[in-house]
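Read the structure below first, then the notes.
The values are calculated or read from the model by the stated rules, or taken from the named source; none is laboratory data. All values derive from a computational prediction rather than experimental measurement. Quick reminder, even Gly has a Cβ in these numbers, built from the backbone with ideal geometry, and neighbours come from all protein chains shown.
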Amino acid sequence: MAKKNSNSNRFLEQRRQLLKLGAAGMPMVLTLRASAQQAVISQLRCAITVPNSFKILVDDAGAAWVGSGSIAQTSSGNYKDKDIIAFQESANFIFPEGSVAASYRPDECEYETCDPDDDDDDDDDLLAHLSDDTGTYSLNDYLAGSGDEDDAHSHTQCDDDGHTLDEHDHSIVTNGVCGYACYEYSRNYEVSPGDYVTEGGSWNLAGDDGLYLSLAIQYAEENGNDGVWPGVSCIVSVLNYLGQ
Amino acid sequence: MPAGPYSDQTQWLANKDQIILRQLDDATVVFHKTSGDTHVLNFLSLAIINILSNDAETFNSAAPKILLEIGMEQDDCPIQLIKDTFLQLDDVGLIVPRVADE
């Protein structure tokens, strides 16, 4: 009985101590907003993992193609015309001109001199194509005649500055095609969009991640969660958090 | 959010339909459905919730009942502390002042 009273007294004393703390200003209600805060934070904490390797091809006008095709570089660092065309045709996502920030666009390149009066059908031109070290053209392609898609390259077209143009109006240099930059992303590429959100609630995109995210944001803004862009739900989540 | 200023005639209510209570030793965890927030109450704040969930009370009418509920005297639990706790509960929406036409 004495022990029970002792426990009761201790219990009351603990409560008195607690009330004294309350009288001194300690809150009597402790609020845990963990659930709400975690919901907000999770919108920023999501991460994107892309299981397969992919490339983003950017041209000098800010258009972009995203795909997994191969693009080989020539010894001069330019890309082979046939690779560019194949990549563009098989791209999973295509973004129009102006989609990519200037900092990601390729540098200007050296142009080959263009002769608009050049006759494609003469023997000299045939030999020139056969010896083209871009490897774009084969004898059969050349002999197939006009109307063939590849044959479009055999007709010399010049821009206003006298540069030879490919069928996409990009200037062809002596060794490969210029006007493109290719960004490669390895398999299991990971990016956390929230890392590129400033405290002020705006994007601060940089590096290869920045290019990927800038296109992902554009895609998400157009397609929302319905899109097939890898990690689009994460992007949408962050956009929702930012109120964009 | 508090909608004060309040007077001694202000009546207070706690809507138990809007909360889920779980007792953990001498503390009580309460989830407030309206705000989505979770709160930890001690025996005093819980007593206020219990008293005000039975019927609307003014502070003066509720205070003696609260002291009785917690088994303490006013010497141990100052009236001002009870009043402050009212405001804390009001601040998080666990109790609300009754509007005039209710």
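For the range B:73-83, the tally of residues that are facing chain A (nearest Cβ under 7 Å) and either assigned to a loop (DSSP other than H, G, I, E, B) or within 18 Å of B:Asp55 (Cβ to Cβ) (or both) stands at 3. When the range B:22-48 is filtered for residues that are at pLDDT 90 or above and within 18 Å of B:Ile66 (Cβ to Cβ), the ones remaining, listed by number, are B:Thr28, B:Val30, B:His39, B:Leu41, B:Asn42, B:Phe43, B:Leu44, B:Ser45, B:Leu46, B:Ala47, B:Ile48. Among the residues making up the range A:15-30, those that are within 8 Å of another protein chain (Cβ to nearest Cβ) and in a helix (DSSP H, G or I) are A:Arg15, A:Arg16, A:Leu18, A:Leu19, A:Gly22, A:Ala23. Of the residues making up the range B:5-39, those that are closer than 21 Å to A:Ala23 by Cα, out of contact with any Ser or Thr (no Cβ under 7 Å at 6 or more places or on another chain) and within 14 Å of chain A (Cβ to nearest Cβ) number 3.
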